[in-house]
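Presented below is the structure to which this report refers.
The values are calculated or read from the model by the stated rules, or taken from the named source; none is laboratory data. This one's a predicted model, so the numbers in the text were calculated from it and none came from an experiment. Reconstructed Cβ throughout: ideal geometry from the backbone, glycine too, with neighbour counts over all protein chains shown. All accessible areas refer to the heavy atoms of the entire protein, side chains included, with ligands and DNA or RNA removed. Shrake-Rupley method; radii C 1.70, N 1.55, O 1.52, S 1.80 Å.
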Amino acid sequence: MNDFDIPIFKKAYDLYKLFHEYRKLVPKQDRFTIFERCEHLILDLIENILQASGEQKQEKMPTLQRASLKLNMLRVFVRLMKDVKAIDSKKYVALEGVVDEIGRMLGGWIKSTKG
């Protein structure tokens, strides 16, 4: 199976595209701090997903756990962006919906890898 056909990869890829659209709308003071930090977390998440997709089952768990940690950090920082008004509530809801969906997919992948 092609790594780019994995649904969680597609979802993370789409999350980055959506996040990137918001760049020009984020105040400059936040663009090079919390926004950039979130951007790096999304890219790290995509990298972990691609890495895990190419690993043997017994090697996947540490990579999936790193991806899960990155996703949880992203959740906190996206919420913080909303709270400091770097993004509005509508954009927050859109981002959080995709992040939640990725979280469910990642949780299922971790569960199936454990079992």
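Quick notes on this structure:
- Scanning segment 2-31 for residues that are part of a loop (DSSP other than H, G, I, E, B), more than 17 Å from VAL99 (Cα to Cα) and touching a residue at least 40 places away in the same chain (Cβ under 8 Å) gives VAL26, PRO27.
- Residue that is farthest from GLY103 (Cα to Cα) [pool: residues in segment 32-47 that are open to solvent by 70 Å² or more (accessible area, probe 1.4 Å) and not aliphatic (A, V, I, L, M)]: PHE32
- Residues in segment 55-112 that are outside any helix (DSSP H, G or I) and either free of Cβ contacts under 8 Å to residues at least 60 places away in the same chain or open to solvent by 50 Å² or more (accessible area, probe 1.4 Å) (or both): GLU55, GLN56, VAL84, LYS85, ASP88.
- Restricting segment 4-31 to residues that are among the aromatic types (Phe, Trp, Tyr) and either closer than 26 Å to GLY115 by Cβ or modelled with pLDDT under 95 (or both), the residue that is most open to solvent (accessible area, probe 1.4 Å): PHE4
- Inclusion of ILE49 among residues that are of a type in the set (Val, Ile, Thr), part of a helix (DSSP H, G or I) and touching a residue at least 40 places away in the same chain (Cβ under 8 Å) is warranted.
- All of (1) over 16 Å from LEU95 (Cβ atoms); (2) under 11 Å from the mean Cα position of the chain (by Cα); (3) among the aromatic types (Phe, Trp, Tyr) hold for PHE19 with one exception: (1).
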